[in-house]
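As structure tokens, the structure follows; a few thoughts come after it.
The values are calculated or read from the model by the stated rules, or taken from the named source; none is laboratory data. Keep in mind it's a predicted model, so treat the numbers as computed, not measured. Here Cβ is always computed from backbone atoms with ideal geometry, including for glycine, and neighbour counts include all displayed protein chains. Protein only, heavy atoms only, side chains kept; ligands, DNA and RNA dropped before computing areas. Shrake-Rupley method; radii C 1.70, N 1.55, O 1.52, S 1.80 Å.
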Amino acid sequence: MRRTSTAPVAAPADPGLAELTPDQRLRRLELTVTRRLNGLLQGQYRGLLPGPGSEPAGSREYRPGEDEVRRMDWAVTARTAVPHVRQVDADRELTTWLLVDGSASMEFGTAELDKRELAVAAVAAVGFLTAGVGNRLGAQVLRADGVRRFPARSGRTHLFALLRALLASPRATAPDDRPGRESMARPPDLADGLDALQRIANRRGLVVVVSDFLDGLPDHPDQPAPWERTLRRLAARHQVLAIEVTDPRELELPDVGLITLVDPETGRRREVCTSDRRLRERYAEAAAAQRDQVHQALRRSGATHLALRTDGDWSADIVRHVHAQRRLAAAPAGQRRGGAA
């Protein structure tokens, strides 16, 4: 059974959270980031993707097995007759661009958070962790009525305005595919958002894509996803972090009898009996194959992958990711290539 973005119909994940005002939600997110993430991610550069930077800072002798040949400083090498590599300092000012998926498939959750709320938490973490003097944050949000753009600006006021807009954004709903119902215009998909982001992200920086990456996955796993090529182009110029948001019920079905499955992107409905063990197994197999297809596409694009689940501890997952990236960045070149494979 080929599964696209289909998910069981479910009630809001956390009614208590839904009753909080937007400002109360933002306060809770800020406390989570400042208390849990800041306390565990110490250092001058707490970026989600630590890298070598781009500002020239002299040269040093080449270390075989540790340094990359593409960093060779040929002018100094020719002058001294000793191989040298360029050294660079971390960029002092960082521009971060966010692409946040607000499509209908993100309006689902069966745990403490739904996927949309988890996406807002991820945006908050990126915003607070990349905040600094001179650093700027811009965003594009995919919604059913189009793309909402937030110019790159600095400061907490700008970040909180973005988070409030995400929380107050109207909920996307699945189209009605029943006969006699008029279909709405096609909402922008992930490929559209990435194309638009590529046009405005001119200065080298950090690009963060928050999505379930379910848009337009091809039937054959070896075929590229429609958003893969643009993501690869962005990764050639920027550091790209792909934050994948999932819910446990998208990965396996519980044994709860007769339920209705709805594809939130197309509105297609199907009633299934989850008491059928073989059906649940086929569903889990198809879901695992689909997630593997997403992971392979992200890997081919050159993006760093961070997976978050609505039933997991997202702050702990981010901490583990940052520490893993720090170890990878500090490792010799040969080990970095092996670790990234």
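Applying the criterion of being part of a strand (DSSP E or B) and of a type in the set (A, V, I, L, M, F, W, C) to the residues of segment 135-163, the residue that is surrounded by the fewest Cβ atoms within 10 Å (Cβ to Cβ) is 147. Filtering segment 232-261 to residues that are over 18 Å from residue 294 (Cα atoms) and surrounded by fewer than 19 Cβ atoms within 10 Å (Cβ to Cβ) leaves 236, 237, 254, 255, 256, 257, 258, 259, 260, 261. The residues in segment 207-221 that are farther than 15 Å from residue 102 by Cα and open to solvent by less than 10 Å² (accessible area, probe 1.4 Å) can be counted, and the count is 1.
Residue check, residue 271 against (1) among the acidic types (Asp, Glu); (2) out of contact with any helix residue (DSSP H, G or I) (no Cβ under 7 Å at 6 or more places or on another chain); (3) at pLDDT 90 or above, all met but one. Which one? (3) is the only condition that residue 271 fails. In segment 255-279, what count of residues is obtained for those that are of a type outside the set (S, T, N, Q) and either under 28 Å from residue 187 (Cβ atoms) or in contact (Cβ under 8 Å) with a residue 24 or more places away in the chain (or both)? The qualifying residues number 14. Would you confirm, using the coordinates I've provided, whether residue 266 is closer than 30 Å to residue 202 by Cα, among the β-branched types (Val, Ile, Thr) and out of contact with any strand residue (DSSP E or B) (no Cβ under 9 Å at 6 or more places or on another chain)? Here the answer is no, as residue 266 does not meet what is asked. Go through segment 206-249 and give me each residue that's in a strand (DSSP E or B) and not hydrophobic (A, V, I, L, M, F, W, C). Within segment 206-249, 211, 239, 244, 246 qualify. Take the conditions touching a Leu at 6+ places or on another chain (Cβ under 6 Å) and not β-branched (Val, Ile, Thr) and apply them to residue 258. Does it pass? Answer is no for this residue.
Within the set 272, 294, the sole residue that is part of a helix (DSSP H, G or I) and open to solvent by less than 70 Å² (accessible area, probe 1.4 Å) turns out to be 294.
Pick from segment 301-324 the residues that are within 19 Å of residue 252 (Cα to Cα) and assigned to a loop (DSSP other than H, G, I, E, B): which of them is most open to solvent (accessible area, probe 1.4 Å)?
So the residue we want is 311.
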